[in-house]
Every structure is written in structure tokens, then in C-alpha cells.
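The values are calculated or read from the model by the stated rules, or taken from the named source; none is laboratory data. These numbers come from a predicted model, not from an experiment. Note that each Cβ is placed from the backbone with ideal geometry, even for glycine, and that neighbours are counted across all protein chains shown.
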Amino acid sequence: MKKISLLLALGFIIALISSCEKESIQKEENSLTSEKSYYYNQEYFLVANRGSSTVSVFNGKTTDLITEITLPDAGAQPTYLAHSKRNNAVYVGDFANKKIVYYDANTFKMKGEIAIQEGAFHMWINERANQLWVNNIVSKTTSVIDLRSNSLIDNLSLPTNEIPELTENAVQHDVTISPSGYAAYVTILDGPDKSYVVMYNTSTLEYLKHETVGGDAHILPVGYNLYVPAQNDNKLTVFNRFNLNKKQEISYNSTHGIIASYRHVFTTGIANKKIGVINRYTNEVISEIDTDYNIPHNLAVNKKGTILFLAHSGASATKVVFYSVNNNGSLQKKSEYDSGLNPFGVLYY
């Protein structure tokens, strides 16, 4: 009888301990789920302040300033930004220090550095290709980085064999990667009047094809298309992104920065203080707004296509401005901030 009572008591204690452990585990899981949910529901706009060695972080829903990241090296020049959802990281190009610095995308604590070449400029991430491409405009190379190891795969030089007409002025400038991750596209500027759009295979890093456009060209994939605004030619050229065949041209004065939402393509008229809105299905300019400050440069838009973020660049510039985007494409100023000196590349995630 005593043995039975002892066994019953022991069973009760084990059951109690098991219950407490389950409760503790459940609380921990709930806490983790809540934390993940908190982070998952966050949205951010970031801007690299090239003259202040900082990156300003804004709440993507309210546009309020959240925090500021200071790059680790003295004299750092953060130029452009990219986000990896898989790595939960924000990558920042440091123009002056031959490196990419990357941070936790929620806590904004530094996670590491990647050595590249000099003059880190436009960059683009694609999770399917597991690659980050960065143009280094001083070294005249493109660094290709493996996101799985955060290590350098290769530095690509100018394709002088494939484009023998390139001059000593030629330099890589903007870069993007197709949504599928198959192809990367680099714009090469060669003097004030001519740029090249060069298509690469991301698996082999081999040159595939190139086309010629006007001076100071930038680039963005939108659906099956590739939009290439050429500032000095006052027009955007629309290519088929699969084969670089030209489809259409859109006139827009001093077209420069470019970003797209589900409905619209947005571009800056950098020399005349404008933002233009293009219907991405008809490729017609449907609205335009004057900016309050000079040199409207780079753009970012939220996932709903309802908030547009603009950085005004320049040696003494400090302004970043948020706009509300209506369904018809019209813009209305929402808020503005002094983010730091020379606001440059922008990012939304």
C-alpha cells in the first residue's frame, strides 16, 4: 500500500513538473512568436547620409524617425543600401573605406563587414540568386557577394573585350538583378552623352548582351520590363528584360532616380526639382509635382504603394521628404526631416 501511494505521489510530481515545463515552454514560444510578430509587422525607410557617416531609420508606417546608425570607420561615406530578408540584414556601402558594413535589420546592431574595392556605389540584392552586386566607381569594378557566406565571389572589371568602344571615361554606375535571379544588369557611363546597359548571367558571371542609351543612365526591373532613365537624354527607355530588346521610350526632363509600385513608376527630374509619376501599364506620365528643395535624387516606396520617400542630395543638403500616393498617382507632401548631411541612397523594407 505504501509502495502504491509512493508511486502515485511520484507520478503526480512528474506530471506537475511536466505541466510546468510545458507551461514554461509555451510562454517562451508565445514570447518568441510575439517578438517575431512584432518584427514581422515593422516597416522601415532608411537613408544613407553620405556626409555624416550615418544612416537614418524611419518608421515605414508613421514616417517618424526611429534611430540613427553610425558607421564604424572615421570618415565613412555611406552611399547606397540593400536589404536581405533571409539574412535579416541591411547592407551599407562605404565609399571611402572599401567595404560593405551590414547590420541586423530589426535591432540595427552591426553584424559584420565585407571587403570590396574602392568607391562603393549603387547596389542590389536578390535572394533567389543569393547575391549582392555592388559597383565600385573608383576601382571601376563590380563586386559580387555570396549572401550565404557574406563573402566576395569576384570583382568584375569593365567588359572591354565585349564592348571595345569603351573609353577611359567608362565606369560602372547603377545595378539591378532580375526578379528570377537569372540576370544582372549594370549601367556603364561613358562620357556625358552615352551609357551602356550590360546584361550578365548571375550563375557564371558571364557577359550576355549590351545596349546603348543616353548619358547618366540608371536602371530598374518592373514586371517583364527594364526601365532605364537617362538623365542627359531626357528620356526613359523601356527594354524587355529577358533579351534587352527595346520596347518604348518615355520623355521626361532630367529623369534620374527611379522606383516602382504595383501601379506606378516614379522618377525624379533631378535638374528641375520634379517628381514624375508614370502609369506602369500604359507608360504615360500621369502626374507631376514640384519639390520644395533642390536635387531630388533617390526614391523608395512602401509595399502598398501609398508612401513615397525622397532624398535631396548635395554637399550641404539635409532634407528627406515623404509623400502620400493616391490611387490616381497624384502626390501630396506628408512630412519632412533633416536626416543628416547629403542624404543619398534610400531603402524600404
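In table form, for the structure just shown:
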quantity	calculated
Subset of region 45-59 (residues that are in a loop (DSSP other than H, G, I, E, B) and within 16 Å of Glu336 (Cβ to Cβ))	none
Filter result (part of a strand (DSSP E or B) and touching a Pro at 6+ places or on another chain (Cβ under 6 Å)) within region 168-197	Thr176
Residue within region 286-296 that is part of a strand (DSSP E or B) and surrounded by 20 or more Cβ atoms within 10 Å (Cβ to Cβ) present	yes
Hey, Val321 farther than 18 Å from Ile270 by Cα, more than 14 Å from the chain's Cα centre (by Cα) and of a type in the set (A, V, I, L, M, F, W, C) or not	no
Positions within region 318-328 being buried (at least 21 other Cβ atoms within 10 Å of the Cβ) and either of a type in the set (S, T, N, Q) or in contact with a His (Cβ under 8 Å, 6 or more places away or on another chain) (or both), in sequence order	Val320, Val321, Val325
Residue match in region 128-139 (condition: touching a residue at least 12 places away in the same chain (Cβ under 8 Å), surrounded by fewer than 22 Cβ atoms within 10 Å (Cβ to Cβ) and of a type in the set (Phe, Trp, Tyr))	no
Residue check, Lys99 loosely packed, with under 11 Cβ neighbours inside 10 Å, at pLDDT 95 or above and closer than 25 Å to Leu299 by Cα	no
Criterion: crowded, with 22+ Cβ neighbours inside 10 Å and either aromatic (Phe, Trp, Tyr) or modelled with pLDDT of 95 or more (or both) - qualifying residue of Ile177, Ile163	Ile177
Qualifying residue in region 236-257 (condition: of a type in the set (Gly, Ala, Ser), closer than 19 Å to Ala271 by Cβ, touching a strand residue (DSSP E or B) at 6+ places or on another chain (Cβ under 9 Å) and surrounded by 23 or more Cβ atoms within 10 Å (Cβ to Cβ))	yes
Yes/no for Ser339 being over 24 Å from Ser52 (Cβ atoms) and polar (S, T, N, Q)	no
Residue check for Arg280: out of contact with any Pro (no Cβ under 7 Å at 6 or more places or on another chain) and either of a type in the set (D, E, K, R) or in contact (Cβ under 8 Å) with a residue 40 or more places away in the chain (or both)	yes
Some residue of region 200-207 being of a type outside the set (Val, Ile, Thr), part of a loop (DSSP other than H, G, I, E, B) and out of contact with any strand residue (DSSP E or B) (no Cβ under 7 Å at 6 or more places or on another chain)	yes
Any hit, region 262-282, residues being hydrophobic (A, V, I, L, M, F, W, C) and not in a strand (DSSP E or B)	yes
Some residue of region 330-347 being on the phi > 0 side of the Ramachandran plot, out of contact with any Leu (no Cβ under 8 Å at 6 or more places or on another chain) and either surrounded by 22 or more Cβ atoms within 10 Å (Cβ to Cβ) or modelled with pLDDT under 95 (or both)	yes
Sole residue being modelled with pLDDT of 95 or more and within 25 Å of Asn342 (Cβ to Cβ), chosen from Ile286, Ile258, Ile278, Ile250	Ile258
Breaking point among (1) more than 24 Å from Thr318 (Cα to Cα); (2) part of a loop (DSSP other than H, G, I, E, B); (3) within 18 Å of the chain's Cα centre (by Cα), for Gln117	(3)
Residue tally, condition touching a His at 6+ places or on another chain (Cβ under 9 Å) and not β-branched (Val, Ile, Thr), over region 288-307	7
